[in-house]
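Shown next, in structure tokens, is the structure this report addresses.
Each value in this text was obtained by applying a stated rule to the coordinates, not by laboratory testing. A quick note: this is a predicted structure, and the numbers were derived from the prediction, not measured. FYI the Cβ positions are ideal-geometry reconstructions off the backbone, even for glycines, and counts take in every protein chain you see.
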Ligand SMILES: C[S@@+](CC[C@H](N)C(=O)[O-])C[C@H]1O[C@@H](n2cnc3c(N)ncnc32)[C@H](O)[C@@H]1O
């Protein structure tokens with residue numbers, strides 16, 4: 001899906017995005033001062049977040065499993081003339097890095113593709129320095145459920161047993177389809193704290209830019225684009241993402 005995702009998304013290179021049409025790091029300030037910090041971005045895709053962080057003075061590594069996404073990241077990295085290091089790998093087991101070597105581990109929309117998040121959080125905890133920060137921006141549990149256009153409402157069939165979403169349209173070449181795993185808030189809280197993380201903040205970012213756009217006031221969010229056109233009504237009523245700010 002990389003080609004259509006990158007073509008139809010508008011992703012800033014000068015801010016860190018956490019949710020569609022929502023404020024980014026410039027406004028939310030979840031990371032604090034990043035100048036001189038060592039940052040790992042998991043499931044970096046086109047590495048737009050890593051590029052922004054590198055421009056702000058961080059030493060950044062972007063990791064993704066998709067060579068197509070990483071090719072896009074290479075192009076953007078050279079266009080932006082930044083020093084982001086790019087690595088291909090599976091974020092469930094990011095064992096190619098030295099334990100205790102990062103100040104920040106973050107990912108926007110990667111965690112939901114990991115079959116065993118507990119394993120992933122265990123590895124991430126080990127990678128962080130004491131006091132390090134982890135940002136888990138992931139699919140909100142209500143995202144597991146179908147949007148009913150007529151009722152303009154989400155049909156929550158069974159919150160406690162959310163379905164796994166299978167991306168049938170991502171398999172034109174016959175490979176295994178992509179899958180999205182949804183987790184309840186209680187489950188995520190439990191998985192993070194079980195590894196030793198302290199949860200400092202939880203956000204359900206509101207798409208303020210959609211409201212600003214309707215009022216014709218100028219407001220460019222760091223993450224937007226026609227990719228989201230079909231979901232606009234839904235985004236205004238139900239959070240797309242949930243963001244956990246955790247620390248070691
Ligand atoms: C929705 S995209 C988000 C990309 C980027 N973080 C962004 O915000 O634009 C999901 C990304 O997760 C990557 N991904 C999926 N499973 C992965 C895994 N096991 N390890 C590393 N990356 C993975 C995909 O290749 C894709 O780039």
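Counting alpha carbon pairs within less than 8 Å and at least 6 residues apart, what relative contact order, in whole percent, applies to region 51-117?
32 percent
In what order do 223, 206, 125 fall by count of nearby beta-carbon atoms within 10 Å, going from fewest to most? Write out the running numbers ahead of the final one.
Details: 223 30, 206 15, 125 19.
In increasing order of surrounding Cβ atoms, one gets 206, 125, 223.
Pick from 126, 47, 73: which residue has the top mean-square fluctuation in a GNM of the chain where Cα pairs under 10 Å get a spring?
Its mean-square fluctuation being the largest, the pick is 126.
When the chain is treated as a GNM, springs tying every alpha-carbon pair under 10 Å, which of 215, 26, 72 comes out with the largest mean-square fluctuation?
Comparing 215, 26, 72 in the GNM, the peak value goes to 215.
Residue separation times 0.36 nm, minus the C-alpha to C-alpha distance between residue 158 and residue 119: what's the value? Spell out each step's value before the answer.
Values: separation 39, 0.36 × 39 = 14.04 nm, distance 2.57 nm.
The span from residue 158 to residue 119 would gain 11.5 nm if fully extended.
Relative contact order (percent) for the chain, with alpha-carbon contacts under 8 angstrom and 6 or more residues of separation?
Working: 518 pairs, mean separation 61.9, N = 248.
Taking the mean separation of contacting Cα pairs over the length of the chain, I get 25 percent.
How large is the Kirkwood hydrodynamic radius of the chain, counting all unique pairs of alpha carbons, in Å?
Details: mean 1/r = 0.0540 Å⁻¹.
Over the chain, the inverse of the mean reciprocal pair distance is 18.5 Å.
Could you tell me the convex hull volume per residue, in Å³, taken over the Cα atoms of region 84-186? Write out the running numbers ahead of the final one.
On the way: hull volume 15.8 nm³, N = 103.
Enclosed volume per residue, from the Cα hull, is 154 Å³.
For residue 26 and residue 229, calculate 0.36 nm times their separation in residues minus their Cα-Cα distance, and state this gained length in nm to one decimal.
70.6 nm
GNM, the chain, Cα, under 10 Å: largest mean-square fluctuation among 39, 154, 166?
Its mean-square fluctuation being the largest, the pick is 166.
Length gain on complete extension for the stretch residue 151 to residue 198, per 0.36 nm per residue less the alpha carbon to alpha carbon distance?
Details: separation 47, 0.36 × 47 = 16.92 nm, distance 3.88 nm.
So the extension gain works out to 13.0 nm.
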